[in-house]
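Undergrad: Take a look at this one; I'll ask things after.
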Amino acid sequence: MSKLSPTISIVTPSYNQAQFIEDTIQSVLGQGYPNLEYVVIDGGSTDGSVDIIRRYAARLKYWTSERDGGQYDAINRGFAHTTGEIMAWLNSDDKYTPWAFSIVGEIFASFPEVEWISTVQPIGWNVRGQAINVDFSGGFSQPSFLKGGNFPSEGSYGRKWIQQESTFWRRSLWERAGARVESSLQLAADFELWARFYQHANLYGVLAPLGGFRAHGDQKSVSHASQYMSEADEALRRYGGRPCTGLEALVRGVTWKISRHYALATLPRWIRVIGNRTGLTFPTKVLAWTGQEWEIITGFVV
């Protein structure tokens, strides 16, 4: 194994996504990454998806097409066929950026203290696979997460999701956190997994786009958004969190809107100290390219 190329294991669950799945597969296999395990678990598609998957079968670690227990059951089954040090899943209508694995592999090889990462610049793809927006969501912090900082619902100050399509973790963290996604949930098993991960390790941001969510109007997380939020709220409370509301939510929301552009800037120490001591802001760690190498810089979120 190359020093800067730990094995990355990716699982794609799929069901009747022939319109998009080839884009998804190509975004994984087209990385040119030297140590890749890619598994595709199809739920018995009838729309031509299987013919597309077969075209790439020789480059897959494992694939199958048979009835399963849904998306999260498929992900668990897929990971059971992997051994890589670094893990992630990518749904069959989403895509990675072409440079994602080279950055992810180098970061995990260079920073043993980093156990999971996600971009602070999430991409949105349109139905054609074009990047139509790149947002800035700030860094990540468990205290902010537990207050609803990554829970953007009505009445919450939440900013943005932890983008599942851009999140990668070490197998050692996965095993300590139970080695599963919660297949009893219908929609928010990603959010529940993040809450579990946070019980064991801090999430580091990456100042580079790594992947994106494709908006085409037919996703369950969009059409059943209220059910997703209900499951996410239950998961947050289960692990000791509660979305803040009322005056606190208003103050935090306004503070973030005003200060977000300075979240990674070099500010006077006294400003950071006041924010952290009052509990209005929380320190974050973000991996940024400084011109010669990746380094960990300090920022803040609310």
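Laboratory data are not the source of any read-out in this text; all were calculated from the coordinates shown. As the structure is a prediction and not an experimental result, all values here were calculated from the model. Cβ sites come from the backbone with ideal geometry, for glycine too, and all protein chains shown count toward neighbours.
Undergrad: Give me the percent relative contact order of region 186-302, please, defined on Cα pairs under 8 angstrom at least 6 residues apart.
TA: 30
Undergrad: For a quick check: sort Y15, Y239 by the number of other beta carbons within 10 angstrom, fewest at the front.
TA: Ascending number of Cβ neighbours within 10 Å: Y239, Y15.
Undergrad: Further question: State the Cα centre-to-centre distance between region 9-59 and region 232-302 in whole Å.
TA: One Cα centre to the other: 37 Å.
Undergrad: Related question: Alpha carbon centre of region 83-108 versus region 112-186: separation in Å?
TA: 14
Undergrad: What longest region of the chain stays clear of trypsin sites (Lys or Arg not before Pro) that DSSP places outside H, G, I, E and B and that have at most 13 other Cβ atoms within 10 Å?
TA: Between exposed loop sites, the widest span is 129-302.
Undergrad: Determine the shape class of region 79-175: with a ≥ b ≥ c the square roots of the Cα gyration tensor eigenvalues, call it rounded for a/c under 1.5, and otherwise prolate if a/b is greater than b/c, oblate otherwise.
TA: Oblate, because a/c is 1.5 or more while a/b does not exceed b/c.
Undergrad: While we're here: Between beta-carbons, use under 13 Å as the cut-off and find the net charge around L264, counting Lys and Arg +1, Asp and Glu -1.
TA: +2
Undergrad: Where a ≥ b ≥ c are the square roots of the eigenvalues of the C-alpha gyration tensor, would you call region 123-251 rounded, which needs a/c under 1.5, or, failing that, prolate if a/b is larger than b/c, or oblate?
TA: Because its axes are fairly even, with a/c under 1.5, region 123-251 counts as rounded.
Undergrad: Anything over 23 Å Cα to Cα? Flag those among K147/K285; K95/K285; K61/K285; K95/K147, in the order listed.
TA: With Cα atoms farther than 23 Å apart: K95/K285; K61/K285; K95/K147.
Undergrad: Still on this model: Taking GluC sites (Glu not before Pro) as exposed when DSSP calls them loop (any state but H, G, I, E, B) and at most 12 other Cβ atoms lie within 10 Å, what is the longest stretch of the chain free of them, the sites themselves excluded?
TA: 155-292
Undergrad: Let me ask you something else. Output wanted: per-residue J couplings in Hz (rounded whole) for region 79-89, from phi through Karplus 6.51 cos²θ - 1.76 cosθ + 1.60, θ = phi - 60°, x for Gly and Pro.
TA: Running phi through 6.51 cos²θ - 1.76 cosθ + 1.60 with θ = phi - 60° gives 5, 5, 9, 10, 9, x, 5, 10, 10, 5, 10 Hz.
Undergrad: Can you list residues from other chains, or at least 5 along the same chain, whose modelled amide H is less than 5 Å from the amide H of K95?
TA: For K95, whose amide H was placed from the backbone, the distant partners under 5 Å are G212, R214.
Undergrad: Determine the shape class of region 203-302: with a ≥ b ≥ c the square roots of the Cα gyration tensor eigenvalues, call it rounded for a/c under 1.5, and otherwise prolate if a/b is greater than b/c, oblate otherwise.
TA: It comes out oblate by the Cα gyration axes.
Undergrad: Normalised by the residues of region 1-110, what does the relative contact order come to in percent, with Cα pairs under 8 Å and at least six apart?
TA: Worked out over region 1-110, it gives 45 percent.
Undergrad: Among L36, L264, L250, whose mean-square fluctuation peaks in a Gaussian network model of the chain (Cα, cutoff 10 Å)?
TA: L250
Undergrad: Then there is this: Please give every one of the aspartates and glutamates within straight-line cross-link reach of K257, meaning a C-alpha to C-alpha distance under 18 Å, and leave out same-chain neighbours fewer than 8 residues apart.
TA: Cα-Cα hits under 18 Å: D135, E154, E248.
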